[in-house]
1. Please go through (1) in contact with a Lys or Arg (Cβ under 6 Å, 6 or more places away or on another chain); (2) modelled with pLDDT under 80; (3) crowded, with 17+ Cβ neighbours inside 10 Å for Arg140 and return the number of the only condition it doesn't satisfy.
2. Please enumerate the residues belonging to segment 158-187 that are on the phi > 0 side of the Ramachandran plot and surrounded by 22 or more Cβ atoms within 10 Å (Cβ to Cβ).
3. Taking only segment 160-194 into account, find how many residues are acidic (Asp, Glu) and farther than 22 Å from Val93 by Cα.
4. In segment 151-175, what count of residues is obtained for those that are closer than 29 Å to Ile97 by Cα and touching a strand residue (DSSP E or B) at 6+ places or on another chain (Cβ under 7 Å)?
5. Would you pick out the residues in segment 176-188 that are among the hydroxyl-bearing types (Ser, Thr, Tyr) and part of a loop (DSSP other than H, G, I, E, B)?
6. Which one of these does Thr192 not meet: (1) modelled with pLDDT of 90 or more; (2) in contact with a Lys or Arg (Cβ under 9 Å, 6 or more places away or on another chain)?
7. Take segment 55-72 and flag every residue that is modelled with pLDDT of 75 or more and farther than 13 Å from Glu176 by Cβ.
Amino acid sequence: MKRTIALLCALLLVFFTLTACGGSYDKPQKTAKTFFKAVQTLDVAAINACGENGRLVEWELLQQPVADDDAQLLAFLRELAAKISYRITETVVDGDIATVQAAVSYADAAMLVKSTMTDVMADMLTALFSDTGEEDGWTRFFAKLNENLKTQSPTEQTTDVTLSMVKTDDGWRIREMPDAMLTVMTGNSIETLREAADTFSGVASAQVEA
């Protein structure tokens, strides 16, 4: 359980590793489009290539998922990413500094996570107290979550995202990952996922004590 909670908490840090990738950065709008297209496919390299100094975020899970529950969580995030759409609404350039405003739509998966946790809690607890252990419990949870995401239609939400950019020798780059993008890329589900982990942990602890 500690591993899973740590993984979910790590999402709050928004982290990916640096990899080189091509793109179009000669105008702020082009950099923004390159960035959002990379987000839609969770292309780690392309996302980072849009960042100043070649770095925006780090997240090893997206590079080498080593466990079944990691792979299922990654599949869930990729499904969410594919549902993201965007519309650039305003661009302001002042010398070597620019801001690009965009209206970004995403699937709000918070309620889906809650209902899935309710559906599979018994199976998760069974796995926890069996030889398969915690990893299998979370694998079942994320597998069911992916199944539900494909068959159900989460509510679409739209949020405003501001990309702050600077002109470098290699074109326009994004200074830092906007906070709003964490909500977008996780379908507003990061806090709900943490609550699910806490609930699973709490129920399991109570049964052990009993």
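The values are calculated or read from the model by the stated rules, or taken from the named source; none is laboratory data. A quick note: this is a predicted structure, and the numbers were derived from the prediction, not measured. We place every Cβ from the backbone using ideal geometry, glycine too, and count neighbours over all the protein chains shown.
1. (1)
2. Gly187 - this is the single residue of segment 158-187 that is on the phi > 0 side of the Ramachandran plot and surrounded by 22 or more Cβ atoms within 10 Å (Cβ to Cβ).
3. 1
4. 13
5. The one that is among the hydroxyl-bearing types (Ser, Thr, Tyr) and part of a loop (DSSP other than H, G, I, E, B): Thr186.
6. (1)
7. Ala71, Gln72
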